[in-house]
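The values are calculated or read from the model by the stated rules, or taken from the named source; none is laboratory data. Given the structure is predicted, the values throughout are model-derived calculations rather than measurements. No Cβ is skipped: glycine too gets one built from the backbone with ideal geometry, and neighbour counts run over all protein chains shown.
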Amino acid sequence: MRNHESDKLTIAIYAHDIEPLRDLVQSRPYDFGCRAHVRRLPDDKFMTAALVTRDQYDDLLQEKYEVDILFDRISDDRRAEVTVGRGDRFGGGSRAPQGVGSGGTDDAGGIMNVDEIGSAMTGLVNEYGIPTFSVPNSTSEGSGGKGGSVWGDQSR
């Protein structure tokens with residue numbers, strides 16, 4: 001593990017209304033995590049968290065956002081110390097994931113590794129012909145991936 005650290009900051013951004021934070025999440029290139037969300041706090045404020053550079057942090061302060069630094073300096077080496085998922089429940093794409101609601105018995109709970117996610121996507125393509133796209137950003141480990149688009153039957 002390298003000893004130097006990046007200039008990334010983990011920050012909390014607050015507002016008295018949800019709309020400015022929604023706009024911020026939708027319009028800024030900050031790292032809001034896998035599932036960007038705005039949380040309502042007990043004091044009737046709203047909050048979202050992001051990973052930003054020091055310049056981005058300074059820009060937010062100039063725009064009069066209320067911002068707290070949660071963590072300063074994130075290690076450049078953000079690789080996982082331990083593999084979080086092993087195996088491939090989808091047989092290299094030979095089976096599509098099926099949830100309990102469809103009569104399937106797959107337990108897709110827990111964290112899947114990058115290879116298993118790719119295998120699940122391939123299974124969905126093979127079984128249902130869903131259109132896929134390359135994801136626009138890589139993971140913190142530099143892995144890319146594919147996303148899929150699923151639309152319900154519009155004829156009903």
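Give me a count of the residues in the range 93-127 that are part of a loop (DSSP other than H, G, I, E, B), modelled with pLDDT under 85 and of a type in the set (D, E, K, R).
Restricting attention to the range 93-127, the residues satisfying the condition of being part of a loop (DSSP other than H, G, I, E, B) are 94-99, 103-113.
Next cut, modelled with pLDDT under 85 only: 97-99, 103-113.
Add one more test, that the residue is of a type in the set (D, E, K, R), and what stays is 106-107.
Looking only at that region, the number is 2.
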Somewhere in the range 21-35, is a residue at negative phi, modelled with pLDDT of 85 or more, touching a Phe, Trp or Tyr at 6+ places or on another chain (Cβ under 7 Å) and part of a helix (DSSP H, G or I)?
-> yes
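Kindly check whether there is at least one residue in the range 138-155 that is modelled with pLDDT of 85 or more, over 28 Å from Val52 (Cα atoms) and of a type in the set (S, T, N, Q).
Checked the range 138-155: no residue is modelled with pLDDT of 85 or more, over 28 Å from Val52 (Cα atoms) and of a type in the set (S, T, N, Q).
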Run Ser134 past the list (1) at pLDDT below 80; (2) polar (S, T, N, Q); (3) within 17 Å of the chain's Cα centre (by Cα) and report the number of the one that doesn't hold.
-> (1)
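May I ask you to verify whether Asp72 is touching a strand residue (DSSP E or B) at 6+ places or on another chain (Cβ under 8 Å), closer than 30 Å to Lys8 by Cα, of a type in the set (D, E, K, R) and modelled with pLDDT under 80? Steps first, please.
Working: touching a strand residue (DSSP E or B) at 6+ places or on another chain (Cβ under 8 Å): yes; closer than 30 Å to Lys8 by Cα: yes; of a type in the set (D, E, K, R): yes; modelled with pLDDT under 80: yes.
Yes; evaluated as a whole, the condition is true for this residue.
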